[in-house]
Amino acid sequence: NTMSAVSCPRLPSLRSGRPTCTPGASRSSRRRSKAITDWMIRRGVLERHLAFCTERYKAKRDWMVAAIQSYADQELMPCRVPQGGYFLWVQLPKAVSSTALLVHALEQNVSFVPGSYFSVDGEEALASYIRLNFTWPSPQQIEQGIRILGQTVRRLLDSRPSRGQAFRQSVPLV
């Protein structure tokens, strides 16, 4: 016997499905998930849910952008405002590595994904970018996290070598 978790295709903040532990149960649970999804579509529940998520995520995205403008400013940490999705990509000053920032941010209970994790050629291509999720944290957590990131970026810039050398620190997180 094996245990598997089944769900319908990803829908924003919505999962239908259940864990199964019996042989062959995953087929029936797939049918059940499809039936639930079909019911939601036919009754308009899915459309209302998606409208709710779109409105909520847009508000949280705007909250994060406003926090960047307040605590970090667009010159220190510029970002493009996405039309949809769950993430905001923020560019750091070239002198600050996203992996170095992550180490310091984690010490203050702030996390994000360094851009270099998404780079095909390794560290350099996206080393000065970070990906921030605006859908999960509360507005208060967003504000606090951006304030901490802005302060930490400034501190890293202030601590860089004085000879004009770029401050780079690579920390393997394996």
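The values are calculated or read from the model by the stated rules, or taken from the named source; none is laboratory data. These numbers were taken from a predicted model, which means no experiment stands behind them. Virtual Cβ from ideal backbone geometry, glycine too; neighbours counted across all protein chains shown. Just the protein is used for accessible areas: all its heavy atoms, side chains included, with ligands, DNA and RNA removed. Shrake-Rupley method; radii C 1.70, N 1.55, O 1.52, S 1.80 Å.
Calculate one ³J(HN,Hα) per residue across segment 111-117 by plugging θ = phi - 60° into the Karplus curve 6.51 cos²θ - 1.76 cosθ + 1.60, and present them in order as whole Hz with x for glycine and proline.
10, 7, 10, x, x, 4, 5
If each residue of separation counts as 0.36 nm, what is the full-extension length gain between N133 and D121 once their alpha-carbon separation is subtracted?
Taking 0.36 nm per residue and subtracting the Cα distance, the gain is 2.0 nm.
Full extension from W89 to S159: what is 0.36 nm times the residue separation minus their Cα-Cα distance, to one decimal in nm?
22.8 nm
Would you work out the relative contact order for segment 49-114, in percent, from Cα pairs under 8 angstrom that are 6 or more residues apart?
Relative contact order, segment 49-114: 20 percent.
Ignoring ligands, DNA and RNA, please state the percent of accessible area on segment 71-138 from carbon and sulfur, probe 1.4 Å.
Percent of accessible area from carbon and sulfur atoms in segment 71-138: 56.
Nearest 20 debye, what's the magnitude of the dipole of segment 38-139 about its Cα centre given +1 on Lys and Arg Cβ and -1 on Asp and Glu Cβ?
With only Lys, Arg, Asp and Glu charged at Cβ, the dipole is about 540 debye.
Using R₀ = 41 Å, calculate the FRET efficiency as 1/(1 + (r/R₀)^6) where r is the Cβ-Cβ separation of R30 and E107; round to 0.05.
On the way: r = 44 Å, r/R0 = 1.07.
With a Förster radius of 41 Å, E is 0.40.
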